[in-house]
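Here's the structure, in structure tokens; my notes come after.
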Amino acid sequence: MKIIRSPSAMTAWSEGLRRENVRIGLVPTMGALHDGHRALIRAARLRCDALAVSIFVNPTQFGPHEDLTKYPRPISHDRALCKQEGADVCFEPSVQAMYPEGFQTVVSLPAIARRWEGEVRPHHFSGVATVVTKLFGMVSPQIAIFGQKDFQQSVLVDRLVKDLNLGVRIIVRPTVRERDGLAMSSRNVYLLPDDRGRAVTLYRSLRAGAEAIQQGVDDGRAIQAVMHQVIKAEPAMTIDYLAVCDPRTLEPISTVTSRVVLIGAVRLGSVRLIDNLLVTVPRRRS
Ligand code: PAF
């Protein structure tokens, strides 16, 4: 496995391969890789001939009071995982290489980025959209794989690729969970031991919402109330948002008729957790 640091070397690698019609896959990450990333890398490996995993803690997607400086960076562990899963390249650009002096252009955001995460973290999606566009430009992949864990991000990237004709097929893979259901995340290491058991409450609340839908509840507010109730029973947790949305637009749904996504973000101590569940509404007998 090659370690490539400079964007120009990255582009040279992919240009050579594309001339030979080699199908390139990219898994963009911020490192601190866990089994969720492992699943994305495996899924990519099956779908391409040459696989790059980018590891870049992107400063522009962190707000001023967020965890940029303490974000975990276990680079040897990350490289070992990429190698184990058959990546051909670990792309590890520096901040200076990604944002050299004079850098100015950012991607302006569609409506789907303004709600939910976009509201709580106003800088976040502009940073994500811009860095993903840059990575696609440098790696020129035919396919790129993202996790469903960051549902809104995956919808945004899909929109970005369509709107800007970036020519990359976006594949979204299901969230990988711990044994108790907690969605895997690089930030789970921040959870205090006492909070680790409580953290699964977010997933339980989404499950309760999904269960209500399966049982015939179709009122968006009623489903949201069910989810709220589960979180309220865990006093250490506070809610950023819990919502019942259209999975394509991320607009809240008042009456559930087909597929919906239940999305949620909560805080537990200093840790922010996000999660989501896609639910297919059962056909009702008339
Ligand atoms: O999901 C992530 O890890 C990041 O947001 C991404 C897509 C790698 C962009 O920095």
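Every number here is computed from the coordinates shown, using simple stated rules; none is lab data. For clarity, every value in this text was computed on a predicted model and none was experimentally measured. Cβ placement follows ideal geometry from the backbone for every residue including glycine, while neighbour counts extend to all protein chains displayed.
Figures for the structure shown
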quantity: Length gained when the stretch Q214-R179 is fully extended (0.36 nm per residue, less Cα-Cα span); calculated: 10.3 nm
quantity: Virtual paramagnetic centre 7 Å along Cα→Cβ of R187, amide N under 14 Å, in the stretch 239-272; calculated: 239-241, 264-272
quantity: Beta bridge orientation in the chain: antiparallel %, DSSP, nearest 5; calculated: 50 percent
quantity: C-alpha long axis of helix 35-47 to longest principal axis of the chain, angle in °; calculated: 60 degrees
quantity: S76, S205 arranged by Cβ crowding within 10 Å, fewest neighbours leading; calculated: S76, S205
quantity: Trypsin sites (Lys or Arg not before Pro) restricted to the stretch 67-169 and DSSP loop, no more than 13 other C-beta within 10 Å; calculated: K70, R114
quantity: Over the stretch 148-286: Rg over Rh, Cα atoms, Kirkwood Rh; calculated: 1.00
quantity: Rounded to 10°, Cα long-axis angle of helix 75-84 versus longest principal axis of the chain; calculated: 90 degrees
quantity: Stokes-Einstein D (µm²/s) once Rh is taken as the Kirkwood radius of the chain over alpha-carbon pairs, at 20 °C in 1.002 mPa s; calculated: 108 µm²/s
quantity: Set of lysines with alpha-carbon distance to K134 below 21 Å, sequence-local pairs under 8 removed; calculated: K2, K162
quantity: Coil-residue GluC sites (Glu not before Pro) of the stretch 1-90, DSSP, other Cβ within 10 Å capped at 16; calculated: E20, E66
quantity: Separation of the D194 and D35 label points, Cα + 7 Å toward Cβ, nm; calculated: 2.8 nm
quantity: The stretch 1-73 and the stretch 249-265: distance between their alpha carbon centers, rounded to Å; calculated: 31 Å
quantity: Inter-label distance, nm, simple model (7 Å from Cα along the C-beta direction), L68/K162; calculated: 3.2 nm
quantity: The stretch 173-237 and the stretch 128-150: distance between their alpha carbon centers, rounded to Å; calculated: 28 Å
quantity: Length-normalised contact order of the stretch 242-286 in % [C-alpha pairs under 8 Å, at least 6 apart]; calculated: 34 percent
quantity: Per principal axis, descending, Cα span of the stretch 6-156 in whole Å; calculated: 42, 34, 28
quantity: Counting DSSP beta bridges with both ends in the stretch 226-286, the antiparallel % (nearest 5); calculated: 100 percent
quantity: Largest-first ellipsoid semi-axes for the stretch 71-160, taking √(5λ) over the Cα gyration tensor eigenvalues, angstrom; calculated: 24, 17, 14
quantity: 29 Å Cα-Cα reach of K232 towards lysines, excluding residues that sit fewer than 8 places from it in its own chain; calculated: K149
quantity: Residue list for the stretch 145-179, given a label point 7 angstrom along the Cα-to-Cβ vector of Y241 and an amide N cut-off under 13 Å; calculated: 151-153, 156
quantity: Nearest-ten-degree value, helix 7-19 long axis tilted from longest Cα axis of the chain; calculated: 90 degrees
quantity: DSSP-loop trypsin sites (Lys or Arg not before Pro) across the stretch 206-250, with at most 16 other Cβ within 10 angstrom; calculated: R248
quantity: Most mobile listed residue (L250, L46, L160) in the chain, GNM with C-alpha springs under 10 Å; calculated: L46
